[in-house]
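The next block holds one structure in the form of structure tokens; read it before the comments.
No lab work stands behind these numbers, since they all come straight from the coordinates. Small disclaimer: the values here were computed from a predicted structure and weren't measured. As a convention, Cβ positions derive from the backbone with ideal geometry for all residues, glycine included, and neighbour counts pool all protein chains shown.
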Amino acid sequence: MKPSREYYKKQKVQQRGCKALCCSCRFSVSSSEEAESSSSDQFPSVSSLAHAMVQERLDQMIRERQEARHKERRKQRDSEGTKFIVMVAMEKSSNDPREDFRASMVEMILANRIEETKDLRSLLNYYMSMNSKEYHVIILEVFYEVCSSLFSCCKCH
């Protein structure tokens with residue numbers, strides 16, 4: 001038993017069906033039903049070509065949108081990246097090392113807008129590595145006091 005002409009018509013429509021955002025309607029040259037069926041038989045590639053062009057344009061728009069999102073995310077990631085802070089150690093004799101450390105830490109935190117835990121930890125490690133062990137206890141105490149005063153008041157608001 002040979003498939004009917006109606007079966008072949010349905011197969012063509014299904015083959016031309018859309019994959020993503022396109023509707024499943026057909027492109028027709030004429031508005032009359034008879035002209036549409038005869039033009040489909042004579043020029044089946046016009047409908048397929050139109051559908052392919054629409055589908056290609058939709059795919060291009062989707063790719064462009066995805067690329068724009070990807071670029072935006074990369075830009076945000078890059079701006080949120082690691083801060084590079086250049087610090088210069090200066091040897092200094094002091095009558096009040098506690099106050100000198102306090103002033104220095106506050107200046108570094110505010111000037112470089114250090115807020116992240118990892119950046120604060122890096123700053124503390126820098127002070128610890130640049131000073132002798134006799135000052136480590138003072139550095140830890142002062143660092144705790146500075147962070148408590150700078151960041152606890154911000155959390156209250």
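Okay, here's what the table says:
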| read-out | value |
| --- | --- |
| Computed label-point distance, nm, for sites K75 and S129 using a 7 Å Cα→Cβ extension | 3.4 |
| Virtual spin-label span in nm between Q55 and E116, 7 Å along Cα→Cβ | 4.5 |
